[in-house]
Amino acid sequence: MTVLLLVEDDAVLRGGLKELFMREGYRVIEAGSVREAREKLDDTVQGIVMDVGLPDGDGIALCREWRARGEMRPILFLTAKDEEFDVVRGLDSGGNDYVTKPFRMQELLSRVRVLLRSGAPKNALTRDGFTVDETRMQITKDGAALPLTLTEYKILLMLLESRGVVPREKLLEALWDDGGKFIDDNTLSVHMSRLREKVGTDRVRTVRGVGYQWRDM
Ligand code: CA
């Protein structure tokens, strides 16, 4: 049975959510504060659904604290429209997703299903001496971690995952989606040239007018 840790200080909402999750076959561990959440996060928990505004602190700070000590289980934030919730701050803290209150129950359930899938261990992608560790967002070359920025990591991951040419538009779209900050064509070129310095200039082939392609050596 899948176990969720539900952190929400509004007892009525928490009760309703607990019932909803239980009807879907989840086991729910409840917490109403940061302190309780820390206490109740045990080894059985597979995913965390957490309110941002808690009486004794904030869910984002708790998420950051957990990630800092290597806690990798997926976290979905519940945020209220009137609460100060900055999407970038939330996701930067290591949160995987968020829904804004009031939300539809069905939407929350489907997000949680996706969340739990994303938390499942992925097979490490290895190609041509490069190994991707998606949990740690790290790529190693012959065992040594490459000093990549987050953007370079994402670009390299897309290149390694594709056997063909990765279109510029697809890269721009992926980078835009994640960070919320727009990256234009020139910025992409700059990231690409920095990435090339780190992986080897001839590793990434430019296909003029189309995009980029990884080159196995
Ligand atoms: Ca709250």
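Checking the stated criteria, Thr151 turns out not to satisfy the condition of being modelled with pLDDT under 90, exposed (fewer than 15 other Cβ atoms within 10 Å of the Cβ) and either farther than 18 Å from Arg215 by Cα or not aliphatic (A, V, I, L, M) (or both). Against the condition farther than 26 Å from Trp176 by Cα, modelled with pLDDT under 90, more than 11 Å from the ligand (Cβ to nearest atom) and not aromatic (Phe, Trp, Tyr), how does Glu30 come out, does it pass? No: the conditions fail for Glu30.
So that you can scan it fast, the table gives a plain yes or no per residue for (1) more than 27 Å from Gly90 (Cβ to Cβ); (2) at pLDDT below 90; (3) of a type in the set (Val, Ile, Thr):
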{"site": "Gly143", "(1), (2), (3)": "yes, yes, no"}
{"site": "Ser162", "(1), (2), (3)": "yes, yes, no"}
{"site": "Pro167", "(1), (2), (3)": "yes, no, no"}
{"site": "Leu172", "(1), (2), (3)": "no, yes, no"}
{"site": "Trp176", "(1), (2), (3)": "no, yes, no"}
{"site": "Met192", "(1), (2), (3)": "yes, no, no"}
{"site": "Arg196", "(1), (2), (3)": "yes, no, no"}
{"site": "Gly200", "(1), (2), (3)": "yes, no, no"}
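Among the residues of the range 36-59 satisfying the criterion of being surrounded by fewer than 20 Cβ atoms within 10 Å (Cβ to Cβ) and of a type in the set (Gly, Ala, Ser), which is modelled with the lowest pLDDT? The qualifying residue modelled with the lowest pLDDT is Gly53.
Candidates in the range 1-21 are the residues that are within 16 Å of the ligand (Cβ to nearest atom) and among the charged types (D, E, K, R); of these, the one that is surrounded by the most Cβ atoms within 10 Å (Cβ to Cβ) is Glu8.
Residue count for the range 60-105, restricted to those that are assigned to a helix (DSSP H, G or I), among the acidic types (Asp, Glu) and either at pLDDT below 85 or within 16 Å of the ligand (Cβ to nearest atom) (or both): 1.
Listed here are the residues, each with its yes/no results for (1) β-branched (Val, Ile, Thr); (2) in a helix (DSSP H, G or I); (3) surrounded by 11 or more Cβ atoms within 10 Å (Cβ to Cβ).
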residue: Leu160; (1), (2), (3): no, yes, yes
residue: Arg163; (1), (2), (3): no, no, no
residue: Glu173; (1), (2), (3): no, yes, yes
residue: His191; (1), (2), (3): no, yes, yes
residue: Asp202; (1), (2), (3): no, yes, no
residue: Tyr212; (1), (2), (3): no, no, yes
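So, Val87, is that one surrounded by fewer than 19 Cβ atoms within 10 Å (Cβ to Cβ) and among the hydrophobic types (A, V, I, L, M, F, W, C) or not? Against the criterion (surrounded by fewer than 19 Cβ atoms within 10 Å (Cβ to Cβ) and among the hydrophobic types (A, V, I, L, M, F, W, C)), Val87 qualifies. Applying a threshold of 8 Å to beta carbon distances and a minimum spacing of six or more residues, or different chains, the list of pairs starting in the range 86-108 at a residue that is in contact (Cβ under 8 Å) with a residue 12 or more places away in the chain and farther than 25 Å from Met72 by Cβ and ending at one that is among the polar types (S, T, N, Q) and surrounded by 14 or more Cβ atoms within 10 Å (Cβ to Cβ) reads Lys101/Thr79. When restricted to residues that are part of a helix (DSSP H, G or I), in contact (Cβ under 8 Å) with a residue 24 or more places away in the chain and either more than 23 Å from Met105 (Cα to Cα) or away from the ligand (no atom under 16 Å from the Cβ) (or both), the range 33-59 contains 4. Taken over the range 106-136, residues that are part of a loop (DSSP other than H, G, I, E, B) and at pLDDT below 80 amount to 8. For the range 22-35, a residue qualifies if it is farther than 14 Å from Cys63 by Cα and either polar (S, T, N, Q) or crowded, with 16+ Cβ neighbours inside 10 Å (or both), and the qualifying residues are Tyr26, Val28, Ile29, Glu30, Ala31, Gly32.
The values are calculated or read from the model by the stated rules, or taken from the named source; none is laboratory data. Just so it is clear, the model here is predicted, and its values are computed rather than measured. Cβ atoms come from the backbone with ideal geometry, glycine included; neighbour counts cover every protein chain shown.
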